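The values are calculated or read from the model by the stated rules, or taken from the named source; none is laboratory data. Quick caveat: nothing in here was measured; it's all calculated off a predicted structure. Cβ atoms come from the backbone with ideal geometry, glycine included; neighbour counts cover every protein chain shown. For the accessible areas, the whole protein counts, side chains as well, though only heavy atoms, and no ligand, DNA or RNA atoms are used. Shrake-Rupley method; radii C 1.70, N 1.55, O 1.52, S 1.80 Å.
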Amino acid sequence: LPKGRGMSPVTWQVIEGVSDIPLSLIEAVEKVDAGKVYLRGLVPLTGDELLPEIREKVAKEMVRLCRQFIAGYPGILDRGEIQTGEPSYYPWRKPDDSRLAPSKSIEKQFNLLRTVDNEASPAFFSHRGSTYILKIEKKKD
């Protein structure tokens, strides 16, 4: 932060091709993601994780940051950093953000495909007047 404020920043960054997702434990303030930064973490991705795996990795790192914050409380409050620089914001993800382009390869759209929620907002595409839903999951060995 301040880059990447807003909604669903992890998903948007995966779609953009980021392989190391930064996380920040921040002070809650009225303006979205604008509070002091108390701790920073990083979630490395290999590029083959699907949304449930990405969420699990992010959750583990956030729990680690929360435990570190609690262990350092209340002294950690004095070490909060005010964010500097020009902020950028990600918008809410909408169902239409899971739209695939049938003219593009799976490889070119894989980062989008791996971030879709198969139940809430599955991947889809329109072709020859119909809309088709695609769900993705890893093959179990």
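Quick notes
- For the listed residue pairs 60/94; 3/36; 3/135; 60/108, the alpha carbons are over 22 angstrom apart in 60/94; 3/135; 60/108.
- Taking the 1.4 Å solvent-accessible surface of segment 64-141 as the whole, the part contributed by carbon and sulfur is 55%.
- Per-q log10 I(q)/I(0), the chain, q = 0.08 Å⁻¹ (Debye; single scatterer per alpha-carbon; no solvent): -0.28
- Our estimate of slack between residue 94 and residue 137, defined as 0.36 nm per intervening residue step minus the Cα-Cα distance, is 13.4 nm.
- The three principal axes of the C-alpha atoms in segment 47-88 carry coordinate ranges of 39, 31, 11 Å, sorted with the longest axis first.
- For segment 69-122, the solvent-accessible area with a 1.4 angstrom probe is 72 square angstrom per residue.
- Its residue count N sets the reference 2.2 N^0.38 Å, and the alpha-carbon radius of gyration of segment 1-83 equals 1.13 times that reference.
- With contributions of -39500 (n - 2.57) from each DSSP H run of at least four residues, the per-residue ellipticity at 222 nm computed over the chain stands at -8500 deg cm²/dmol.
- For segment 1-62, GluC sites (Glu not before Pro) are listed when DSSP marks them as loop and at most 11 other Cβ atoms sit within 10 Å of their Cβ; the list is 30.
- In loop segments of segment 41-122 as defined by DSSP, the chymotrypsin sites (Phe, Trp or Tyr not before Pro) with at most 14 further C-beta atoms inside 10 Å of their C-beta are 92.
- Shape metrics for segment 89-141, restricted to C-alpha atoms - Rg then Dmax, Å: 11.9, 39
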